[in-house]
Amino acid sequence: MTTTFNFELFKKRLNLFLEKIEDLGGETDPLTIEKPATEEEIKAVEAKLGYTLPPHFREVLLENTAHLEFGWDIDDIIDEEDISLPDKLAEIFRGKLLFGLDLLLGYEEDRQDWEGDAYPNSDKEYDRVWHNKMSFFQVGNGDYIAIELEPENYGKVVYLSHDGSENHGLYIADNFKEFLMNYAAVGCTGGEDWQWEPFYTKDKGIDPTSKNTKTWYKVLGINPKELEG
């Protein structure tokens, strides 16, 4: 399955999951993709942040969309036993992706509050993970998905946990564009880590070729070829 960034294919994957979730009786939100940002709009946010946005993230905002919303929920049909999930996928109940230039400053303010109030000591391994990141996705339970700003792993997508998850600090994609393609290929399950964790493969991140991903496709009635260009 391709991970080369292709925005049209990315949208196709999102729409396919919405279609399949609706077919099963789940709830979906309309896919919202706003127009790209202007260079001036991006520079205004960068000036407030004090740094240039990581290139893959910046390019998506500038070339594809300045704001995207995607979501679905199967909690009700699980409770009503209209759908049965295998044990390894039993924690999945929703999918979500929400990012935007307009959200970035608020997300970063919240992350910095966590960093300053709860995890201020960069000498501690757990605390250090919260430092020098750019959060772009607020999961909703206090966790974040962010982009690494430290030089050694600059640009990688990393999970930030507020409550001691073993996935805290886990890199789940090599860059933002790879994250979008692979996350869309599993229906953007989560974003809580226990929902996307079944699709994680060490050294690969979120892996649309994993055994659990194939099982997930069978549950939803997806032919993997439908997710290709």
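The values are calculated or read from the model by the stated rules, or taken from the named source; none is laboratory data. What you see is a predicted model, and the numbers here were worked out from it, not measured in a lab. Note: ideal-geometry Cβ built from the backbone for every residue, glycine included; neighbour counts use all protein chains shown.
Conditions (1) of a type in the set (A, V, I, L, M, F, W, C); (2) in a loop (DSSP other than H, G, I, E, B); (3) closer than 22 Å to Phe10 by Cα, marked per residue:
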position	(1), (2), (3)
Asn141	no, yes, no
His162	no, yes, no
Glu178	no, no, yes
Met181	yes, no, yes
| task | Find all pairs meeting these conditions: Cβ atoms under 6 angstrom apart; at least six residues apart or on different chains; first residue within the stretch 152-167 and basic (Lys, Arg); second residue modelled with pLDDT of 95 or more. | result | Lys156/Glu148; Lys156/Tyr171; Lys156/Asp174
| message | Restricting to the stretch 66-91, give me the number of residues that are of a type outside the set (Phe, Trp, Tyr) and in contact with a Phe, Trp or Tyr (Cβ under 8 Å, 6 or more places away or on another chain). | response | 8
| Pairs, please: C-beta under 9 Å, at least 6 apart or cross-chain, first residue farther than 21 Å from Asp174 by Cα and in the stretch 207-222, second of a type in the set (Ser, Thr, Tyr) and exposed (fewer than 14 other Cβ atoms within 10 Å of the Cβ)? | Val219/Ser84
| note | If you go through Ile21, Ile42, Ile78, the only one that is farther than 23 Å from Asp110 by Cβ, β-branched (Val, Ile, Thr) and either loosely packed, with under 14 Cβ neighbours inside 10 Å or at pLDDT 95 or above (or both) is Ile21
| task | From the list Glu197, Glu178, Glu228, pick out the single residue that is among the acidic types (Asp, Glu) and within 16 Å of Glu91 (Cβ to Cβ). | result | Glu197
| query | Inside the stretch 1-98, counting only helices (runs of 4 or more DSSP H) that do not spill past its ends, which hold 1 or more residues that are more than 20 Å from the chain's Cα centre (by Cα)? | reply | 7-24, 39-49, 75-79
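Residue-wise test of (1) loosely packed, with under 13 Cβ neighbours inside 10 Å; (2) among the hydrophobic types (A, V, I, L, M, F, W, C); (3) touching a helix residue (DSSP H, G or I) at 6+ places or on another chain (Cβ under 7 Å); (4) within 24 Å of Asn175 (Cβ to Cβ).
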position: Leu14; (1), (2), (3), (4): no, yes, yes, yes
position: Pro30; (1), (2), (3), (4): yes, no, no, no
position: Lys35; (1), (2), (3), (4): yes, no, no, yes
position: Arg58; (1), (2), (3), (4): no, no, yes, yes
position: Glu63; (1), (2), (3), (4): yes, no, no, yes
position: Leu68; (1), (2), (3), (4): no, yes, no, yes
position: Ile92; (1), (2), (3), (4): no, yes, yes, no
position: Leu103; (1), (2), (3), (4): no, yes, no, yes
position: Tyr107; (1), (2), (3), (4): no, no, no, yes
| note | Log entry, pairs with first residue in the stretch 36-63 being within 25 Å of Met181 (Cβ to Cβ) and touching a residue at least 40 places away in the same chain (Cβ under 8 Å), second being aromatic (Phe, Trp, Tyr) and in a helix (DSSP H, G or I), beta carbons closer than 7 Å, six or more apart or on different chains, reads Pro54/Phe176; His56/Phe176; Phe57/Phe176; Val60/Phe176
